1. Scan the range 190-207 for residues that are near the ligand (Cβ under 8 Å from one of its atoms) and assigned to a loop (DSSP other than H, G, I, E, B) and report the count.
2. Looking at the range 176-188, which of its residues are part of a loop (DSSP other than H, G, I, E, B) and either within 12 Å of the ligand (Cβ to nearest atom) or closer than 19 Å to Gln248 by Cβ (or both)?
3. Among the residues in the range 147-156, are any more than 10 Å from the ligand (Cβ to nearest atom), without any contact (Cβ under 8 Å) to a residue 40 or more places away in the chain and of a type outside the set (D, E, K, R)?
4. Arg111 versus (1) surrounded by 12 or more Cβ atoms within 10 Å (Cβ to Cβ); (2) in contact with a strand residue (DSSP E or B) (Cβ under 7 Å, 6 or more places away or on another chain): which is the lone unmet condition?
5. Considering only the range 224-243, state which residues are in contact with a Leu (Cβ under 6 Å, 6 or more places away or on another chain) and of a type in the set (S, T, N, Q).
6. Report, by residue number, each residue of the range 136-152 that is exposed (fewer than 13 other Cβ atoms within 10 Å of the Cβ) and farther than 24 Å from Asn63 by Cα.
7. How many residues does the range 135-167 hold that are part of a loop (DSSP other than H, G, I, E, B) and closer than 14 Å to Glu327 by Cβ?
Amino acid sequence: MADAAAKREPDSVGTDELSPKVKRAKADNENSPGEAGKESESENILSGFKTTNVLSDSAREKNIFIHGQIADQDAVVILEKTPIREDTLAEILSGSRLKLEMSNDIYSTYRLQAPPHLNEIKTTVVCPATEKHVKKYQRQESFLVEETGEDYQSITLPYIQKQSFSVQWVYNILEKKAEAERIVYEDPDPEVGFVLLPDFKWDQKQVDDLYLIAIVHQRNNRSLRDLRSEHIPLLQNILQKGKEAILQRYNLPASKLRVYLHYQPSYYHLHVHFTKLGYEAPGCGVERAHLLADVIQNLQSDPHYYENRTLYFPLRADDGLLSKFKEAGRL
Ligand code: M7G
């Protein structure tokens, strides 16, 4: 399944006991005056979208990743049906049109046409998209790579210095040129500070699939590999204040959070993922996610842990980095 696909686990273990409460908290937040009017109607840039091919899709996850063109520029569009929110049930049940499909004994199935505002499709557009974006969203076979500290220096680092995605979107956030109104919390300190905001994979309509990212103000750390014991205060600050901010805003306690870094990340500016425990977020598996609490402990016991350790991660079949590992005889 493509990386960016948000998995929905409506019946997953451990997600239900807090849900009504946190959902209400979120709904209250949304109704507060400070939140009003943020979403603006935009011109439909997708009306002229020309589809080239479907990169991946999933009936189970109810999403589709499409490659195409918008006004002669390459684009990737992600369409995704969102979960049904408990606080909209009354309106869905009473305000929809119902068409009977079949009826048999005590069983019947219908097509329910919900009011348009309750029937939205979360849409993400990357335009202009690079070839790397197209590859990122294409369904692909993956291979587990074993990277020693030396491999990082001789294979990975030279590759990512030349080939990685632009982090302009990250600088826009840090400089308040984009998404400023979405910031949930900021610690402006240049050394240990960070910005916490919703990941663009999360539509913020329900807490069940909560997903935020903390982006550090420091600009000299690419990833987990660059972390040393001197970064412990930064990491502890993110863990502590990030959890507090999420409790305050979404009424979700730390015991319900999965806080981790990706290795390899897609974007080489240090950031931390906060997702709700029980929500199977893309990339939260053991082959890619490193719990922030573990990272802190590892650095406490060995200041150079992430400089020297062999790290394992999956790479997709057409990833240029995989070719570099093959060329070096490391796969
Ligand atoms: P990653 O581990 O570098 O890559 O995480 P991944 O996308 O393979 O997981 C970067 C995180 O930033 C991901 O969770 C993205 O969904 C998120 N993200 C990416 N972009 C381009 C944006 C953006 O423009 N705004 C926000 N809010 N989140 C983004």
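The values are calculated or read from the model by the stated rules, or taken from the named source; none is laboratory data. Quick caveat: nothing in here was measured; it's all calculated off a predicted structure. Here the Cβ positions follow ideal geometry from the backbone for every residue, glycine too, while neighbour counts run over all protein chains shown.
1. Initial filter on the range 190-207 (near the ligand (Cβ under 8 Å from one of its atoms)): 197-201.
Adding the requirement that they be assigned to a loop (DSSP other than H, G, I, E, B) leaves 199-201.
So the answer is 3.
2. Those that are part of a loop (DSSP other than H, G, I, E, B) and either within 12 Å of the ligand (Cβ to nearest atom) or closer than 19 Å to Gln248 by Cβ (or both): Lys177, Ala178, Glu179, Ile183, Val184, Pro188.
3. Within the range 147-156 (the criterion being more than 10 Å from the ligand (Cβ to nearest atom), without any contact (Cβ under 8 Å) to a residue 40 or more places away in the chain and of a type outside the set (D, E, K, R)), the answer is yes, since at least one residue qualifies.
4. Here Arg111 meets the rest and fails (1).
5. Ser229, the sole residue that qualifies.
6. Leu144, Glu146, Glu150
7. Count: 0.
Rundown of residues vs (1) under 13 Å from the mean Cα position of the chain (by Cα); (2) small (Gly, Ala, Ser); (3) more than 30 Å from Pro83 (Cα to Cα), yes/no style:
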{"site": "Leu212", "(1), (2), (3)": "yes, no, no"}
{"site": "His269", "(1), (2), (3)": "no, no, yes"}
{"site": "Gly278", "(1), (2), (3)": "no, yes, no"}
{"site": "Ile296", "(1), (2), (3)": "no, no, yes"}
